[in-house]
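A short write-up of the structure that comes next.
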Amino acid sequence: MSTFLLFLSSFGLISFISQQAEIGRYKAPFIFCCSVSLVLFFFALFDLLSLGLIFATALGCFLAILQIIRIVRNPKSLNIPYSDVLIVVPFIVFYIAVAKDFKFLIWDEFSFWASSTKIIYETNALFKSDSPIFLKSYPPIQQLFQYYFVKQTFWSEKNVLYAQTFWVLSSILCVVGSIVKRPLNVSLTFIIATSFLYFFNYSYSTIYSDQLLGVCFAACLALAYSQLKKITTVIVFFIAIAALALIKEIAILLAIVAFGVFYVSYFLENQSSNNSLKARLLYPTIVALLGFAATLGVLKSWSWYVAKIQATRDVVIPNFSIFTEPALSKRLSLTTSEFFTRVLKPGFLSITDRWSIASPSLMFLLIIFILLSVAVVLIKPRILRTKLVWTLAIIFVGALGYLAALFLSYLVFFTEYEGIRLASFERYFSSYILAWMLLLFAFLCSAIDELKTKSLVTVHAAVGLFICLLVPSVFFKEVKLIEAGGEAYQLRQRTESFADKVKKYIQPNEKVYFIAQNSNGLERIMFYYAMLPYTSSMSWCWSIGKKYYEGDVWSCDVNLPSLLDGYEYLAVYRGDEKLWQSGGTLFDKDSTKNGSPSLFRIIRTDGKIESFSRLE
């Protein structure tokens, strides 16, 4: 029944949005994702998430009933082109492709993206001060849309993944539908563009925020560019920007770029020869400032909540004169050197290995995008060139600014270990490049709107074939099947089985400490995820004793009992002689002979650990 309500409410909301002036059916799914997420966000800030879900569902069902009545009374009101059936294909394909027993297997998904969704699902609330979650200050907007989707169906990681996929596909559709006008052209352009994620090592098999950030940014740019003399287009843009800003902390920089495009577009669309330049500038400036203030207000509301749960991160921006000191000047030198190496190094774009084609560097890719931007401007009618030139110029300047911001973050916010190595640099910057690529592709495809149907299909067939020859083979693999497998999948099954045994004993207010000797921590983070919403150890020390090898940064040479304050249970997934020696006589001899995962109750007298009593 709840699954039916999900379909009914979603249909009602999307139909209502699509019928508003200048929005239409191509932008509606994206605005639906943003609107539902924001509604749940504001309800959740006041611990009313369940009520927010009821409100969104009831409103959607009510609108759906009205829409059904309207269709029954006037069947011709649908008026949907046959070519729009093609748009549904990627949404269906990427749902069917996900295996029913799909499982997350990537470290970062366990440490935050999947774990945060799971705890919101289990508790029907945002994170609390005592919630067993890493990075409580991260905005949870994508998790709230996943909550809307999964809470009305049932918990499965396939459903969580598909909620994310639906938003990503809806964003791409919004980009294409905002710029390309002919329905058949929209459908074919959209289908081809769904493969672009894979050029940046993104995919539909993860719930990382980076690809969602990129496509939502692209959608915001497209909405900003397509501004008209309608209040609805302004409101829709503000809704999209608010959602974008809550995907990731750095998204505020992308929002600034989108506001730049919005300002230019709104100014050029609202010109009047009867008014002075000052008067023509004033109104767009007021509208843009109001929108930006509203966006900052949304971010401020999240900051208020983070402060409320005492999860504020102290970010100290140092005086850059300190980088003249010998120790820090070395870090600056190494980071700068690595930065230019990564910008100039071939391989930024992921291209199929079926052919001997060199993958371009980031620098070369930027040059290609500049040349494509010039081509886009030249093929457009003169009357449209001014707005297009300003838009593409702002995106280019924004790319340089975003690149500079990432460089500074590696100096200031990342650890030295991550900073000098530019950890995940390509993944972070690809969000911007993906958005730029989607916009350029949509602009180029819009130039063939006037072709006859046969010629249009022929051109897209040629473009589609070209993309198929270049896109990484993993795209075709995941179109057929997205599944979990390999050693990581088997490891997860074992850790989940162990967690299920622990859950038979642990109470909601109790905690368990996890140990896996000689491990990089993957077992620990999998166990942590499996135990949610119960609390398991989140500290670094899951492997006890001296280093197992020279590069072992995981093991802690500390006394085991010193780690167990506040814990009632000890879960030993993999023990060895180092662990038994660290525990000393607290372990009985029979326990140390057992090679399988073991659960111990920590026995205390007057607050002092007396022994570990084996339960499993």
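The values are calculated or read from the model by the stated rules, or taken from the named source; none is laboratory data. Note that this is a predicted model, so its numbers are computed, not measured. Note that we place each Cβ from the backbone using ideal geometry, even for glycine, and neighbour counts take in every protein chain shown. Calculation scope for accessible area: heavy atoms of the full protein, side chains included, ligands and nucleic acids excluded. Shrake-Rupley method; radii C 1.70, N 1.55, O 1.52, S 1.80 Å.
Which members of segment 508-519 meet the condition of being under 19 Å from R614 (Cβ atoms) and of a type outside the set (K, R)?
E510, V512, Y513, F514, I515, A516, Q517
Let's see how each residue does on (1) touching a residue at least 12 places away in the same chain (Cβ under 8 Å); (2) farther than 27 Å from D130 by Cα:
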site	(1), (2)
L532	yes, no
M538	yes, no
D557	yes, yes
L560	yes, no
G575	yes, yes
G583	yes, yes
S596	no, yes
G607	no, no
R614	yes, yes
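Give L188, L221 a once-over and let me know the one that is in a helix (DSSP H, G or I), open to solvent by 10 Å² or more (accessible area, probe 1.4 Å), closer than 30 Å to V463 by Cα and in contact with a helix residue (DSSP H, G or I) (Cβ under 7 Å, 6 or more places away or on another chain).
After ruling out the rest, the residue left standing is L188.
If you take the residues in segment 91-107 that are part of a loop (DSSP other than H, G, I, E, B) and in contact (Cβ under 8 Å) with a residue 60 or more places away in the chain, which one is surrounded by the fewest Cβ atoms within 10 Å (Cβ to Cβ)?
D101
Conditions (1) under 15 Å from the mean Cα position of the chain (by Cα); (2) surrounded by fewer than 24 Cβ atoms within 10 Å (Cβ to Cβ); (3) of a type in the set (D, E, K, R), marked per residue:
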site	(1), (2), (3)
E157	no, yes, yes
A163	yes, yes, no
S171	yes, no, no
K181	no, yes, yes
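State all residues of segment 1-56 that are in contact with a Gly (Cβ under 7 Å, 6 or more places away or on another chain) and within 20 Å of T117 (Cβ to Cβ); if no residue qualifies, say none.
Matches in segment 1-56: S9, S10, V39, L40, F43, A44.
Results for (1) more than 30 Å from T336 (Cα to Cα); (2) basic (K, R); (3) free of Cβ contacts under 8 Å to residues at least 12 places away in the same chain, shown as yes or no for each residue.
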position: Y417; (1), (2), (3): no, no, yes
position: Y428; (1), (2), (3): no, no, no
position: S446; (1), (2), (3): yes, no, no
position: A484; (1), (2), (3): yes, no, no
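Restricting to segment 132-153, name every residue that is on the phi < 0 side of the Ramachandran plot and open to solvent by 20 Å² or more (accessible area, probe 1.4 Å).
F134, K136, Y138, F149, K151, T153
Answer with yes or no whether G52 is open to solvent by less than 10 Å² (accessible area, probe 1.4 Å) and more than 27 Å from L228 (Cα to Cα).
yes
Taking the conditions exactly as written (at pLDDT 90 or above, open to solvent by 60 Å² or more (accessible area, probe 1.4 Å), part of a helix (DSSP H, G or I) and more than 16 Å from K230 (Cα to Cα)), does K278 satisfy them or not?
In short, no.
Hey, among the residues in segment 223-236 that are touching a Phe, Trp or Tyr at 6+ places or on another chain (Cβ under 6 Å) and not polar (S, T, N, Q), which one's nearest to V175 (Cα to Cα)? Explain how you work it out, then say what you get.
Just the residues of segment 223-236 that are touching a Phe, Trp or Tyr at 6+ places or on another chain (Cβ under 6 Å), to begin with: 223-224, 227.
Those still in the list that are not polar (S, T, N, Q) too: 223-224.
On the way: L223: 8, A224: 10 Å.
Among those that are touching a Phe, Trp or Tyr at 6+ places or on another chain (Cβ under 6 Å) and not polar (S, T, N, Q), it is L223.
Which of (1) of a type in the set (D, E); (2) assigned to a helix (DSSP H, G or I); (3) loosely packed, with under 12 Cβ neighbours inside 10 Å does E338 not meet, given it meets every other one?
Only one criterion in (1) of a type in the set (D, E); (2) assigned to a helix (DSSP H, G or I); (3) loosely packed, with under 12 Cβ neighbours inside 10 Å is unmet by E338, namely (3).
Scan segment 589-605 and give yes if some residue there is of a type in the set (D, E) and under 34 Å from the mean Cα position of the chain (by Cα), otherwise no.
For segment 589-605, residues of a type in the set (D, E) and under 34 Å from the mean Cα position of the chain (by Cα): absent.
Which condition number in (1) part of a helix (DSSP H, G or I); (2) modelled with pLDDT of 90 or more; (3) surrounded by 12 or more Cβ atoms within 10 Å (Cβ to Cβ) is the one that F348 fails?
F348 satisfies all of (1) part of a helix (DSSP H, G or I); (2) modelled with pLDDT of 90 or more; (3) surrounded by 12 or more Cβ atoms within 10 Å (Cβ to Cβ) except (1).
Would it be correct to say that F30 is assigned to a helix (DSSP H, G or I), modelled with pLDDT of 95 or more, open to solvent by less than 20 Å² (accessible area, probe 1.4 Å) and among the aromatic types (F, W, Y)? Spell out how you get there, then give the answer.
Details: assigned to a helix (DSSP H, G or I): yes; modelled with pLDDT of 95 or more: yes; open to solvent by less than 20 Å² (accessible area, probe 1.4 Å): yes; among the aromatic types (F, W, Y): yes.
Judged against the criteria, F30 is a match.
Hey, does segment 122-129 have a residue that's surrounded by 18 or more Cβ atoms within 10 Å (Cβ to Cβ) and part of a loop (DSSP other than H, G, I, E, B)? Reasoning before the result, please.
Within segment 122-129, the first condition is being surrounded by 18 or more Cβ atoms within 10 Å (Cβ to Cβ), and the residues that meet it are 126-127.
Among the residues that remain, those that are also part of a loop (DSSP other than H, G, I, E, B) are: 126-127.
Scanning segment 122-129, I find at least one residue that is surrounded by 18 or more Cβ atoms within 10 Å (Cβ to Cβ) and part of a loop (DSSP other than H, G, I, E, B), so the answer is yes.
Out of everything in segment 226-248 that is of a type in the set (D, E, K, R) and surrounded by fewer than 17 Cβ atoms within 10 Å (Cβ to Cβ), what residue ends up being farthest from the chain's Cα centre (by Cα)?
Among those residues, the one meeting the criterion is K229.
Do you know which of the residues in segment 1-27 that are at pLDDT 90 or above and among the hydroxyl-bearing types (S, T, Y) is farthest from L169 (Cα to Cα)?
Going through the qualifying residues, I end up with S9.
Each row is one residue, and each column tells you yes or no for (1) touching a residue at least 40 places away in the same chain (Cβ under 8 Å); (2) over 24 Å from the mean Cα position of the chain (by Cα).
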| residue | (1), (2) |
| --- | --- |
| S10 | yes, no |
| A21 | yes, yes |
| C34 | yes, no |
| V39 | no, no |
| D47 | yes, no |
| K76 | no, yes |
| P81 | yes, yes |
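Please enumerate the residues belonging to segment 453-492 that are open to solvent by less than 40 Å² (accessible area, probe 1.4 Å), outside any loop (DSSP other than H, G, I, E, B) and farther than 20 Å from L161 by Cβ.
Result: L456, H460, G464, I467, L470.
Which condition from (1) surrounded by 15 or more Cβ atoms within 10 Å (Cβ to Cβ); (2) aromatic (F, W, Y); (3) over 26 Å from S446 (Cβ atoms) is the one that W355 breaks?
With respect to (1) surrounded by 15 or more Cβ atoms within 10 Å (Cβ to Cβ); (2) aromatic (F, W, Y); (3) over 26 Å from S446 (Cβ atoms), W355 is out only on (1).
Looking at segment 1-27, which of its residues are open to solvent by 60 Å² or more (accessible area, probe 1.4 Å) and basic (K, R)?
Listed by number, the list holds a single entry, R25.
Could you tell me whether segment 197-211 includes any residue that is open to solvent by less than 10 Å² (accessible area, probe 1.4 Å) and under 28 Å from V287 (Cβ atoms)?
No: segment 197-211 contains no residue that is open to solvent by less than 10 Å² (accessible area, probe 1.4 Å) and under 28 Å from V287 (Cβ atoms).
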